[in-house]
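Peer 1: Please read through the structure below; I'll follow up with questions.
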Amino acid sequence: MKRRDFLRALALTGLATTVEPGKAFDMLIQTGENAAGNAYDMVAVMGGEPEVMFRSAIKAMGGMSKFVKKGYKVAIKPNIGWDKTPEMAGNTNPKLVKEVIKQCFDAGAKEVVVFDHTCDDWRKCYKNSGIEEAAKEAGAKVLPAHEESYYRTISLPNALNLKTAKVHEAILDSDVWINIPILKNHGGAKMTISMKNLMGIVWNRGYFHANNLQQCIADISTLSKRPVLNVVDAYRVMKSNGPRGKSASDVVLAKGLFVSQDMVAVDTAAVKFFSQITDMRLEDVAHIANASKLKVGNMNLDKMKIKRIKL
């Protein structure tokens, strides 16, 4: 059985739920990997636990102090959209969120805030995802995002459809912000990754769905204040029935993590990773190419310096 067929069979049975690191990384073989100590455009980690994976990734990226300076106010935007436990992979892994917060404070951050404009009841999402508890344990403030008064209108002059958006004040008032999506299947957008996660920083999510969802996701990604880091959680991956999921058989234990400042690049890599689990063509996730056309980032991974780490 060919490798791709083997991985697909694992995903479809829902019984064997581990993606083998060496095989899953094949799609990230690059010619641009450089010598240790130099900066990378992206770091991909395979294996280990979420907090350990992030420590390895951020070290390879040059350390958190490269992105978060002393005295900074940092906003963190995980996916907390669903009233689901961590095992169901509907939301970002709380262990990863906690470690990112800890690294921010270790770098000298004055304040770290965490929020999401949820789809389910926000109180249940915050609690049952485990993110509220993890964030508070790490010293962050957890902010609500369920009222329009929390949002301010910004202009998106480079967008095609979405010319303005109401963005949460936590993003606008921060010195830097960090995007921490979970990698998963999505019925409408095909995939939820870093750019799709930006729908949780805006008030009017309904406009996106009614006005070419794929273009609106690309459009909001043109905002001038982009995340200083995109940390894609692929520890558990919802391979089907996203974004909510129906049962544990939708989830694969993949133990992957991708970190980059480039949303287009990291989403491109994440789709290639996802396609090792179940069928997903890059061209079907149209917002990635749309964002590339708007010069949000780079889809050509062959031109990037990518560090691969196996734990």
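The values are calculated or read from the model by the stated rules, or taken from the named source; none is laboratory data. Keep in mind it's a predicted model, so treat the numbers as computed, not measured. No Cβ is skipped: glycine too gets one built from the backbone with ideal geometry, and neighbour counts run over all protein chains shown. Heads up: the accessible areas ignore ligands, DNA and RNA and are worked out on the full protein's heavy atoms, side chains in. Shrake-Rupley method; radii C 1.70, N 1.55, O 1.52, S 1.80 Å.
Peer 1: Percent antiparallel among DSSP beta bridges with both residues in the chain, to the nearest 5?
Peer 2: Taking every DSSP beta bridge with both residues in the chain, the antiparallel ones total about 50 percent.
Peer 1: Continuing with the same structure: Could you tell me whether the range 72-180 comes out rounded, prolate or oblate from its Cα gyration tensor? Rule is a ≥ b ≥ c as square roots of the eigenvalues, rounded for a/c under 1.5, then prolate if a/b exceeds b/c, otherwise oblate.
Peer 2: Judged from the Cα gyration tensor, the range 72-180 comes out oblate (a/c at least 1.5, b/c at or above a/b).
Peer 1: While we're here: For the range 261-311, with every protein chain kept in place, what is the accessible area per residue (1.4 Å probe, Å²)?
Peer 2: I get 44 Å² per residue for the range 261-311.
Peer 1: Now, a different point. Step through the residues of the range 123-131 one at a time and calculate ³J(HN,Hα) from phi using the Karplus curve (6.51 cos²θ - 1.76 cosθ + 1.60, θ = phi - 60°), rounding each to whole Hz and writing x for Gly and Pro.
Peer 2: These are the phi-based 3J(HN,Hα) values: 5, 5, 4, 4, 6, 6, 6, x, 6 Hz.
Peer 1: State the Cα centre-to-centre distance between the range 185-206 and the range 239-272 in whole Å.
Peer 2: 13
Peer 1: Still on this structure: What number comes out for the charge environment of GLY108, summing +1 per Lys or Arg and -1 per Asp or Glu over other residues with Cβ under 9 Å away?
Peer 2: Summing Lys and Arg as +1 and Asp and Glu as -1 gives +2.
Peer 1: Show me, for the range 180-186, the HN-Hα J-couplings you get by feeding each phi into the Karplus relation (A = 6.51, B = -1.76, C = 1.60, θ = phi - 60°), rounded to Hz, glycine and proline as x.
Peer 2: Once θ is set to phi - 60°, the couplings for the range 180-186 become 10, x, 9, 7, 7, 5, 9 Hz.
Peer 1: Mind ranking ARG123, ARG236, ARG152 by accessible surface for me, highest first, 1.4 Å probe?
Peer 2: If we order ARG123, ARG236, ARG152 from most to least accessible, we get ARG123, ARG152, ARG236.
Peer 1: Still on this structure: Give me, ordered by chain and number, the residues 5 or more places off VAL114 or on other chains with an amide H under 5 Å from its own placed amide H.
Peer 2: Hits under the 5 Å cutoff: ILE76, LYS141, VAL142, LEU143.
Peer 1: If you don't mind, another one. Rounded to the nearest angstrom and ordered from largest down, what semi-axes does the equivalent ellipsoid of the range 224-282 get from its C-alpha gyration tensor (root of 5λ)?
Peer 2: 23, 12, 11
Peer 1: Using bins 10 angstrom wide from zero, how does P(r) for the chain break down, in % of all Cα pairs?
Peer 2: The calculated distribution, bin by bin, is 6, 30, 39, 22, 3, 0.
Peer 1: Also, I was wondering about something else. Whose amide H sits under 5 Å from the amide H of ASP233, counting only residues 5 or more places off or on another chain, with H placed in the peptide plane?
Peer 2: It is ILE182, LEU183, by chain and number.
Peer 1: Mind checking the per residue accessible area of the range 40-96 for me, 1.4 Å probe, whole number of Å²?
Peer 2: Each residue of the range 40-96 exposes 33 Å² on average to a 1.4 Å probe.
Peer 1: Leaving ligands, DNA and RNA out of it, report the carbon-plus-sulfur percent of the accessible area of the chain at a 1.4 Å probe.
Peer 2: 49
Peer 1: With all distinct Cα pairs included, what does the Kirkwood hydrodynamic radius of the range 186-246 come out to in Å, to one decimal, could you say?
Peer 2: When all Cα pairs of the range 186-246 are included, the Kirkwood radius is 12.6 Å.
Peer 1: Further question on the same structure: For SER240, list long-range residues whose amide hydrogen, built 1.01 Å from N in the peptide plane, is under 5 Å from its own amide hydrogen.
Peer 2: ASN185
Peer 1: If the limit is 19 Å between Cα atoms, which of LYS110/LYS141; LYS166/LYS196; LYS77/LYS127; LYS184/LYS295; LYS59/LYS310 go over it?
Peer 2: Checking Cα-Cα distances, LYS184/LYS295 exceed 19 Å.
Peer 1: Identify which of TYR235, TYR72, TYR207 has the largest mean-square fluctuation in a Gaussian network model of the chain, with springs joining Cα atoms closer than 10 Å.
Peer 2: Greatest mean-square fluctuation among the candidates belongs to TYR207.
Peer 1: Using a 1.4 Å probe and counting only protein heavy atoms, arrange PHE105, PHE273 so the residue with the most accessible area comes first.
Peer 2: I get PHE105, PHE273, largest accessible area first.
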